[in-house]
Amino acid sequence: MSKRRKICNGAGRAAQLMDLPDAALAHAAGYLALPSRTIFALAVEGQGEDLQKKILSNTKWTALDFSSVEKSLASRLTDDDIEQILLLIDAATNLKALNLAGCVNVTGVCLKMFRSSTELEQLDISLVGQHVRRFGCSYQPPNYTGRPPPGPRLSEAKVLPYLNSIILTGGTSLKLLVIPEKWCKDPGGDLCRFLRRYNAYLKRRGCTCSSCGERLREWERDVNYRSDFASYLGYHYNICYTCSKHFCNGCKSKKLKHCSATMRVHCTECAPRGA
């Protein structure tokens, strides 16, 4: 007989997590990172809406970054899972920033709730974390066999209609979009046409330098849409990829740092130590 003691309920059954009071579960969930908290809320769906509400309450759901989720779990999340999570937090109304890092199993259908969104400010569908080296930059996953890992399922055909609807909506808030490296390696005509529209949208939108306060000129708000510079396709030149602060050309040399491994730009406040 095992020396490990079992805690049993009155019926002689080993106690389970769901035997805890709702208040205890909600309190414990408060220590989880935000994406993990939403996944936990989704997992207890059968226990009633009241428990889900307690788990998700007292939180401003303005940003959701899946880079804090274990890769093995993030890679198993489907479009249905992500859509249910976004519905739980009323993302269409509340969310300002979404990063689907590690969610390589989604096709993009989960983004349909952001069609014509005027609230979303940052959308990172590169599927890698902010400071993670890309596979094309000598990154090798665990148990590397000499062959590239299976590519992500994110589909241009499914995602681009949602993105087009966002930038064609008057008064939209979108100011930073990060696309997958896979799309950049073999860009199709639809992607290049979208990036031209996105570039024109950014020029119309206008913004000021976060350092000197001067209004950025049109060409300082450019995003690269030229397919002959594929490695820089969709690249934002004058904005921090973490906090979305803009900087004019006169200030960016002191305020922004480019990382060639991740193909991102970070301001001095957001750049990782040693960068």
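The values are calculated or read from the model by the stated rules, or taken from the named source; none is laboratory data. Nothing here was measured: the structure is a model prediction, and the numbers come from that model. All Cβ positions, even for glycine, are placed from backbone atoms using ideal geometry, and neighbour counts span all protein chains on display. The accessibility values were calculated without ligands, DNA or RNA, using every heavy atom of the protein model including side chains. Shrake-Rupley method; radii C 1.70, N 1.55, O 1.52, S 1.80 Å.
I'd like to check one number: the per residue accessible area of the range 173-217, probe 1.4 Å, reported in Å² as a whole number. Please report the intermediate quantities before stating the final value.
Values: 2220 Å² over 45 residues.
Heavy-atom accessible area per residue stands at 49 Å².
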Inset, instruction - Evaluate E = 1/(1 + (r/R0)^6) for C192 and R273, where r is the Cβ-Cβ distance and R0 equals 41 Å; express this FRET efficiency to the nearest 0.05. - result: 0.65
Inset, instruction - Compute the distance in nm between two label points, each set 7 Å from the Cα along the Cα-to-Cβ direction, one at Q47 and one at N249. - result: 5.7
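On the protein heavy atoms, probe 1.4 angstrom, tell me the percent of accessible surface of the range 193-275 carried by carbon and sulfur.
Values: 2070 of 4480 Å².
For the range 193-275, the apolar C and S fraction of the accessible surface comes to 46 percent.
Sort 85-93, 177-185 for me by packing, meaning the mean count of neighbouring Cβ atoms within 10 Å per residue, highest on top.
Numbers: 85-93: 17.4, 177-185: 20.2.
Highest mean packing first, the order is 177-185, 85-93.
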